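Structure, as structure tokens:
The values are calculated or read from the model by the stated rules, or taken from the named source; none is laboratory data. Bear in mind the structure is a predicted one, so any value in this text is a computation, not a measurement. FYI the Cβ positions are ideal-geometry reconstructions off the backbone, even for glycines, and counts take in every protein chain you see.
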Ligand code: AHR
């Protein structure tokens with residue numbers, strides 16, 4: 001009987017969602033089980049120098065003034081000639097490790113001196129290392145002059161003392177990868193790595209790399225463990241990557257092309273990051289998909305829609321005109337590139353691209369379900385033509401994939417209107433809405449999705465945030481998220497943005513998680529996302545919670561969902577006012593629950609926010625609670641309260 005009731009609700013809510021919405025007194029509907037995910041973009045040094053655990057900055061000498069004014073092949077490097085040695089250092093491109101990785105350093109040792117000569121790397125704001133931990137060092141070297149070169153690698157503390165080292169001797173005139181493990185003897189926030197040549201001769205050097213062995217899930221070429229864990233702790237149902245504006249890039253040549261980011265790291269194509277720095281692509285599509293799998297999130301890659309960012313070339317304003325389209329005669333190849341991505345992710349090992357996934361160490365498919373096409377593109381005839389070419393082919397060849405279209409950078413306006421009109425005309429299954437607004441906007445617009453047509457495209461709220469990290473911002477977002485749950489039949493996915501920001505390197509504020517090389521702090525916004533994500537349901541129930549005094553109190557927001565796997569009934573109660581308020585709760589419609597409940601409260605002063613100095617000023621507090629069929633619950637001022645009434649399953 002229970003199953004039949006569930007099926008009926010599912011049919012009403014999903015197969016005939018419009019009817020479901022219009023029926024009066026309906027008490028429940030099926031909602032998306034994937035509602036809360038994360039948005040990852042390489043902005044604010046989120047990837048290189050952030051989540052990607054590589055400790056050497058500019059490891060392949062590819063930095064250039066195009067990436068960032070004043071940068072060059074030796075940015076983050078220093079030429080070392082200690083102990084009266086001398087020689088010469090240059091950058092060359094004649095015979096690289098791989099054509100995709102054109103620059104390399106050439107070191108000529110004329111006089112070796114007492115210590116040798118070489119290169120020193122200062123990492124990303126220094127190299128953080130921990131005593132007793134092991135680090136994987138590697139480098140590509142080609143012997144250009146002389147038969148072999150004795151090499152020394154040292155990690156130095158700030159005083160210049162050695163805190164870890166290894167030695168090896170080169171053996172090849174061709175490019176060869178040398179690897180070693182270095183055990184560090186002293187913890188340091190800001191060490192440096194020195195690579196010294198110890199005999200006369202000439203060597204070419206590229207891909208100087210140092211990784212902690214302790215990466216997230218101990219992956220090779222992996223992710224910074226503490227940062228990845230902080231994201232995984234959000235229990236996201238999906239992860240969108242690699243952006244954001246990074247996807248469609250600063251001009252056609254800067255689009256994020258997924259094929260450039262897979263395979264051996266020395267063969268990947270590094271390029272300028274649209275946010276004013278450099279992307280090595282060391283964190284590429286394989287690593288993104290693997291991270292998703294490691295944290296149990298569905299992968300949601302977004303590919304360019306065949307057009308570059310309308311703000312390309314520095315026209316940073318809404319409606320910029322820098323958008324350029326891939327030549328139409330090149331579009332069939334581009335469409336194939338998108339099809340190849342699906343084959344790479346899901347195809348059998350016997351397929352061309354499935355074989356490449358297997359060769360990278362993942363023979364099993366990644367179970368790709370969603371593909372975003374375009375990011376906030378200006379809805380021009382050029383965009384529409386190219387989007388349609390991609391969309392129609394993907395839809396025809398891969399009906400199992402949900403394509404997500406794009407409707408501009410704002411909650412309304414020209415691109416929003418045109419984007420929705422186009423999506424409805426083309427029957428795009430889902431569209432990606434973006435908006436960054438004041439907290440007051442989120443409080444005032446909670447009915448936004450109540451009236452969305454259930455028969456049209458579904459919504460992925462792919463980027464949103466209120467402007468700030470104070471508790472008030474987070475509470476406004478929490479209030480809004482109750483409306484996302486209420487409309488979880490039409491809003492299928494949502495992700496706060498941006499996710500990460502490295503102190504001293506932010507291009508965008510606010511963000512959800514702030515970090516430096518050694519420390520991380522979680523914002524109040526993080527905790528709101530986490531409370532919703534870890535308390536998701538797949539059925540929405542109305543008529544369970546009501547404000548005790550004034551049903552129309554605009555300071556209050558609330559939702560009730562049930563998780564059909566656990567049987568838990570979960571209430572979210574939001575109070576954005578400065579005084580206590582009460583809710584009446586009626587659980588009598590639910591079978592299979594007892595009185596055992598857990599209540600988690602996030603509250604404090606409206607202006608309070610976390611920081612590196614005070615990371616725990618705002619933090620949820622959990623306690624046990626005894627629920628009843630009917631009860632009144634008083635919530636604190638400026639608070640999110642989550643009551644999880646445990647199911648008997
Ligand atoms: O999230 C930061 C930026 O905001 C994204 O790159 C872009 O899509 C949006 O404008």
Condition check for residue 281: more than 16 Å from the ligand (Cβ to nearest atom), surrounded by 16 or more Cβ atoms within 10 Å (Cβ to Cβ), modelled with pLDDT of 95 or more and closer than 18 Å to residue 40 by Cβ = yes
note = Here the residues within segment 168-193 that are farther than 22 Å from residue 220 by Cα, part of a strand (DSSP E or B) and more than 34 Å from the chain's Cα centre (by Cα) are 169
task = Go through 273, 260 for me and flag whichever is within 16 Å of the ligand (Cβ to nearest atom) and touching a residue at least 40 places away in the same chain (Cβ under 8 Å).
result = 273
Selected residue (only one of 550, 509, 543, 563 is under 22 Å from the mean Cα position of the chain (by Cα) and surrounded by fewer than 22 Cβ atoms within 10 Å (Cβ to Cβ)) = 509
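Residues are listed down the side, and each one gets a yes or a no for (1) farther than 17 Å from residue 401 by Cα; (2) more than 16 Å from the ligand (Cβ to nearest atom); (3) assigned by TED's automatic domain parsing to the domain that holds residue 220; (4) without any contact (Cβ under 8 Å) to a residue 60 or more places away in the chain:
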{"position": "334", "(1), (2), (3), (4)": "yes, yes, yes, yes"}
{"position": "343", "(1), (2), (3), (4)": "no, yes, yes, yes"}
{"position": "352", "(1), (2), (3), (4)": "yes, yes, yes, yes"}
{"position": "364", "(1), (2), (3), (4)": "yes, yes, yes, yes"}
{"position": "368", "(1), (2), (3), (4)": "no, yes, yes, no"}
{"position": "373", "(1), (2), (3), (4)": "no, no, yes, no"}
{"position": "377", "(1), (2), (3), (4)": "yes, no, yes, no"}
{"position": "381", "(1), (2), (3), (4)": "yes, yes, yes, yes"}
{"position": "385", "(1), (2), (3), (4)": "yes, yes, yes, no"}
inquiry  = For segment 39-48, which positions are within 14 Å of the ligand (Cβ to nearest atom) and under 26 Å from residue 123 (Cβ atoms)?
reply    = 40, 41, 42, 43, 44, 45, 46, 47
key: Where a residue in segment 409-434 is within 16 Å of residue 385 (Cβ to Cβ) and its partner, wherever it lies, is more than 16 Å from the ligand (Cβ to nearest atom) and at pLDDT 95 or above, with Cβ under 6 Å and at least six apart   = 422/384; 423/457; 428/457
key: Meets criteria (at pLDDT 95 or above, surrounded by 18 or more Cβ atoms within 10 Å (Cβ to Cβ), over 13 Å from the mean Cα position of the chain (by Cα) and farther than 22 Å from residue 64 by Cα) for residue 196   = yes
request  = Determine if segment 213-232 includes at least one residue that is buried (at least 23 other Cβ atoms within 10 Å of the Cβ), assigned by TED's automatic domain parsing to the domain that holds residue 519, away from the ligand (no atom under 16 Å from the Cβ) and assigned to a strand (DSSP E or B).
outcome  = yes
inquiry  = When you check residue 100 against the structure, is it in the same structural domain as residue 83 (by TED's automatic domain parsing), closer than 27 Å to residue 515 by Cβ and touching a residue at least 24 places away in the same chain (Cβ under 8 Å), yes or no?
reply    = no
request  = Look at segment 582-620 and say how many of its residues are assigned to a loop (DSSP other than H, G, I, E, B), within 17 Å of residue 562 (Cα to Cα) and in contact with a strand residue (DSSP E or B) (Cβ under 9 Å, 6 or more places away or on another chain).
outcome  = 5
ask   = Looking at residue 164, is it farther than 13 Å from residue 199 by Cα, surrounded by 17 or more Cβ atoms within 10 Å (Cβ to Cβ) and touching a residue at least 24 places away in the same chain (Cβ under 8 Å)?
value = yes
